[in-house]
Amino acid sequence: MDRFDTDSRLIFIHADMDAFFAAVEILDDPSLAGKPLIIGHPGPRGVVSTASYEARKYRVHSALPSVEAMRRCPEGIWRSPRGARYQQVSRQVMGVFEEFTPEVEPLSLDEAFLGIEGSLRLFGGAVTIARQLRQRVHQVTGGLTISVGVAPNKFLAKLASDLQKPDGLTVVDPDRIQQLLDPLPVEKIWGVGPRTRDALHHIGLREIRHLRRAGRELLVRHLGESSGHHLWQLAHGEDHRSISTERGSRSISRESTFEIDIQRGAASDGFLREAAEEVARSLRDENLRARTVRLKVRTGSFRTMSRSLTLDMPTQEPGPLFETARSLLAEVELEGEGIRLLGLGTGNLIPQSSPLQPGLFEDRAAAQRQQVVSQLLDRSRRIEGGAGLERGKLLSKPPEDSTTVDSKRRDDPTGG
Ligand SMILES: [Mg+2]
């Protein structure tokens, strides 16, 4: 029993596996323990998926180009990601979460928010739940550790889970929220990415206390009404978002099989641009934004490969979907083969109303322009039944088109 177990304001948990992919590899091959382990493809176009804590001492981290990781940590041990195995462990972990509450909102394979208001009595309090959850994850996975934050809201829970990684349990005292937040750097705020951080630094705002003192008006002037207001609220430790259990379980995608294999270049760009338009339109229709972009490629000899990337800024616009899919395709080893099937998918879908898109700050004008274009397109489609405006030039339609909306998968591996 913890003194905070009687505090009924503590109703959210954020739980996040420690260096998940690397930890699974070490679990399966204990000889890797204590070594600078890097999950990813060490080739010239690869990026680091996850680094073990030993590798992080060499400043190797997720999304770092592999070439740079090899330079920083020449003694690093590389392993290719094993998505199916990570998904298997992910299901175990999510299963543990569901032992404590039906209110589970996965953010990726290895992290989730839990709404525990309805479970407090049954288990004896928030901290007891967090402790038991950590034990259960360790037990069920055969030895993996998870860091957990317990807080009065989602924002603070996510912030807290990161404060004592790895293997940490952090409780946010509801009476000392401002003392906790004030000295932290602005980038500790969920959603403030490197570019927003730099922009905030540029106007002299480095710590959360600076955001608070800057006042709502200044933030709104620089970030826009929605993001500025939201950031100001977060700087005060306020967050009214609730658990969304639908989230992340769906994907919206479009794929095509070509009659004649196409080549990477103008033809694949043409298809991806068109697919991005359609997928973005479906996202807007459903008031969703995608955090993850997926690419599926099948070659002439029926080799099927998929790649995915999680975006800094969730989107419902075709531009980022297209650019991301295109860069993912550039990474695929075609080995001289043509492309038989190409698919552009999205996952990790979040409600459009979720405020504060990281990066929106500096791209605000461009994003607004794009939004206006999209609204026009949507409107013309409704009026004219699809035969209306087109954004730029699209290549001719390949055969066997299908736009699918499915709910098969929870999420893509994102590491961390
Ligand atoms: Mg993690």
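The values are calculated or read from the model by the stated rules, or taken from the named source; none is laboratory data. Values in this document were obtained by computation on a predicted structure and should not be read as measured data. Please note: Cβ atoms are built from the backbone with ideal geometry, for glycine as well, and neighbour counts cover all protein chains shown. Ligands, DNA and RNA are excluded from the accessible area calculation, which covers all protein heavy atoms including side chains. Shrake-Rupley method; radii C 1.70, N 1.55, O 1.52, S 1.80 Å.
Observations
- Neighbours by Cβ (under 7 Å, 6+ apart or cross-chain): first from segment 128-141, open to solvent by less than 70 Å² (accessible area, probe 1.4 Å); second small (Gly, Ala, Ser) and at pLDDT 95 or above: Leu133/Ala15
- Residue satisfying condition, being away from the ligand (no atom under 16 Å from the Cβ) and within 30 Å of Ser244 (Cβ to Cβ), within set Ile11, Ile77: Ile11
- Count - residues of segment 218-276 that are among the basic types (Lys, Arg), part of a loop (DSSP other than H, G, I, E, B) and under 22 Å from the mean Cα position of the chain (by Cα): 3
- Leu64 vs. criteria touching a Ser or Thr at 6+ places or on another chain (Cβ under 7 Å) and either assigned by TED's automatic domain parsing to the domain that holds Val150 or within 15 Å of the ligand (Cβ to nearest atom) (or both): no
- Count of segment 22-37 residues which are touching a residue at least 40 places away in the same chain (Cβ under 8 Å), open to solvent by 60 Å² or more (accessible area, probe 1.4 Å) and outside any loop (DSSP other than H, G, I, E, B): 1
- Across segment 161-216, the qualifying residues are those that are of a type in the set (Lys, Arg) and not in a loop (DSSP other than H, G, I, E, B), and the one among them that is most open to solvent (accessible area, probe 1.4 Å) is Arg213.
- Qualifying residue in segment 89-102 (condition: away from the ligand (no atom under 15 Å from the Cβ) and within 19 Å of the chain's Cα centre (by Cα)): yes
- Residues satisfying the stated conditions in segment 92-124, i.e. more than 15 Å from Ala157 (Cβ to Cβ) and in contact (Cβ under 8 Å) with a residue 40 or more places away in the chain: Gln92, Val93, Met94, Gly95, Val96, Pro102, Ser108, Leu109, Asp110, Gly124
- Any hit, segment 55-62, residues being aromatic (Phe, Trp, Tyr) and in contact (Cβ under 8 Å) with a residue 60 or more places away in the chain: no
- Condition met for Leu32 (away from the ligand (no atom under 16 Å from the Cβ), of a type in the set (A, V, I, L, M, F, W, C) and over 19 Å from Thr128 (Cβ atoms)): yes
- Residues being modelled with pLDDT under 90 and small (Gly, Ala, Ser) - total across segment 315-356: 4
- Condition check for Ala23 on (1) of a type outside the set (Phe, Trp, Tyr); (2) within 16 Å of the ligand (Cβ to nearest atom); (3) in contact with a Lys or Arg (Cβ under 8 Å, 6 or more places away or on another chain): one failure, at (3).
- Criterion applied to Ser62, Ser90, Ser49, Ser119 was being assigned to a loop (DSSP other than H, G, I, E, B) and modelled with pLDDT under 95, and the one residue passing it is Ser62.
- Residue satisfying all of: in segment 128-160; assigned to a strand (DSSP E or B) and not hydroxyl-bearing (Ser, Thr, Tyr); farthest from Leu109 (Cα to Cα) among these: Ala151
- For segment 106-141, a residue qualifies if it is within 16 Å of the ligand (Cβ to nearest atom), more than 20 Å from Thr245 (Cβ to Cβ) and in contact with a helix residue (DSSP H, G or I) (Cβ under 6 Å, 6 or more places away or on another chain), and exactly one does: Thr141.
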